[in-house]
Structures are given as C-alpha cells and as structure tokens.
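Worksheet: the structure to be examined is printed underneath.
Where a number appears in this text, it was derived from the coordinates with a stated rule and is not lab data. Note that the structure is a prediction, hence the values are computed from the model and not measured. Cβ atoms come from the backbone with ideal geometry, glycine included; neighbour counts cover every protein chain shown.
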Amino acid sequence: MAAPRRTLLKVIVLGDSGVGKTSLMNQYVYKKFSQQYKATIGADFVTKELQIDDKLVTLQLWDTAGQERFQSLGSAFYRGADCCVLVYDVNVLKSFESLQSWHEEFLKQADPAELEAFPFVVLGNKVDVDGGNSRVVSERRAREWCASRGDIPYFETSAKEDFNVDAAFLCVARVGLSNE
Ligand code: GDP
Ligand code: MG
C-alpha cells in the first residue's frame, strides 16, 4: 500500500483582539480553555495532524501576539497562507464590523494568486456567553455577510465549551486542501 500523502497547510487566524483566536486554537490543539486573558500562545504557530480521506494533513495554525490591535502583522505572518480564518465575537458588534477590514487586509498582504477563490472560513465565537442572551450579531446576518463574499463557510463556536471547534477546523483543513 502506498504511503499516504502528507500535506502541510499554513492557516492564519485573524480578528480583533479578544474575540478568542488563541482560545480556539488552544481548545482545538490542546483541549484546554482558560478564562485568563493571554495575548498569545507563546509561539508563532501550533500544529495539529489530521487525516482526511487518504491524506494526512498537518495544520499549522498561526497565532498573533497582540499586534492585531494595530493591524500590523508583518509579511512573514501572511506569506504562503493556504487558508485564512476570520474570527469575531457574536457579542461585540465592532468585532463583526472588523471582518471586512481583516478580509481586505488579508487579500492585500497575502496577495493570493486567485483572489476570488482563496479559502476563508468565518467563526462567530463565544456563543455560550449568557446563554446567548447577550449576542448582538445574529447568525443570519453573519451568514449573509459570508454568502455575499463568495460563500465563505461559517461556524458558530465556543472555545469555552468546545462547541463546533473540531467541525470548524475540519472545514478549514478541507478548504485549505482544495486550494492546494
Ligand atoms: P484573542 O485576543 O482573539 O486571542 O482572544 P483570547 O483567546 O485571548 O480570548 C480573550 C478572552 O475571551 C479570554 O478571557 C478568553 O478566556 C475568553 N474567551 C475566548 N473564547 C471564549 C468563548 O468561546 N466563550 C467565552 N465565554 N469566553 C471566551
Ligand atoms: Mg490571542
């Protein structure tokens, strides 16, 4: 039997400070959640291996170290990305409105060969907060935004309760592979 193909996918995770980017990665890779605010996981990226059909995929998830406050992440961060995850907090309107500028910033910095076809995935995080009573961005509104930008896949997540986190990153791997 032939050895399965191994593919490395560089995934960058963007969104306003505090939306839960680091927490989502920690939950996905280490199955851990912390209430404490920490700006970064302390490394440029973390990796997770998964198998999709007959392919072994290594997801390399790049985290920011707080520079997202200034939208100044540097070209190394964007270079060679295979997929871009955009995260907002369903309880903070501003973080949803920022998706537009993160989307534009990515396209400008990464300059992918095929702008239209580049794979993004959007995550509406912190759906657990206050049992959903404090959310200000509806799922419908978020889905409309994604649909109008080339049908970007959308997931509602909770890094705290590990809700939809695996499903979201599985989708990230699939769309990243399709871009190979
Ligand atoms: P980042 O700046 O985007 O990396 O955000 P962090 O991952 O550092 O999270 C910011 C704060 O939100 C931390 O206090 C986390 O514990 C909290 N947080 C992250 N995700 C969730 C979530 O899904 N639910 C709740 N309730 N809190 C979360
Ligand atoms: Mg962070």
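Rounded to the nearest 500, what is the chain's calculated 222 nm mean residue ellipticity when only DSSP H runs of at least 4 contribute -39500 (n - 2.57) each, over all residues? Walk me through the numbers before you get to the answer.
Values: 5 runs with 55 residues, N = 180.
Calculated at 222 nm, the ellipticity per residue is -9000 deg cm²/dmol.
In degrees between 0 and 90, to the nearest 10, how far off the longest principal axis of the chain does helix 93-110 point, with axes built from Cα atoms? Taking Cα atoms only, the helix is inclined about 30 degrees.
So what is the relative contact order for the chain, in percent, with contacts set as C-alpha pairs under 8 Å and at least six apart?
Numbers: 321 pairs, mean separation 46.8, N = 180.
Taking the mean separation of contacting Cα pairs over the length of the chain, I get 26 percent.
Shown in residue order for the range 164-179 are the 3J(HN,Hα) couplings computed by the Karplus curve 6.51 cos²θ - 1.76 cosθ + 1.60 at θ = phi - 60°: 6, 6, 4, 4, 5, 6, 5, 5, 4, 5, 5, 6, x, 5, 5, 8 Hz (x for Gly and Pro). In loop segments of the range 138-180 as defined by DSSP, the trypsin sites (Lys or Arg not before Pro) with at most 16 further C-beta atoms inside 10 Å of their C-beta are 149. The HN-Hα couplings worked out from phi for the range 115-132 by the Karplus form 6.51 cos²θ - 1.76 cosθ + 1.60 (θ = phi - 60°) are 3, 4, 8, 4, x, 10, 9, 10, 10, x, 9, 6, 5, 6, 4, 6, x, x Hz, whole numbers, x standing for Gly and Pro. On the beta carbon distance between residue 75 and residue 6, with R0 = 30 Å, the FRET formula returns roughly 0.65. Note on residue 129 and residue 51: their simple-model spin labels are 3.9 nm apart, each label 7 Å out from Cα toward Cβ. On the beta carbon distance between residue 65 and residue 144, with R0 = 35 Å, the FRET formula returns roughly 0.60.
Placing unit charges on C-beta atoms (Lys and Arg positive, Asp and Glu negative, everything else neutral), compute the dipole magnitude of the chain about its Cα centre in debye, rounded to 20.
On the way: 21 positive and 25 negative charges, 70 e Å.
It comes to approximately 340 debye.
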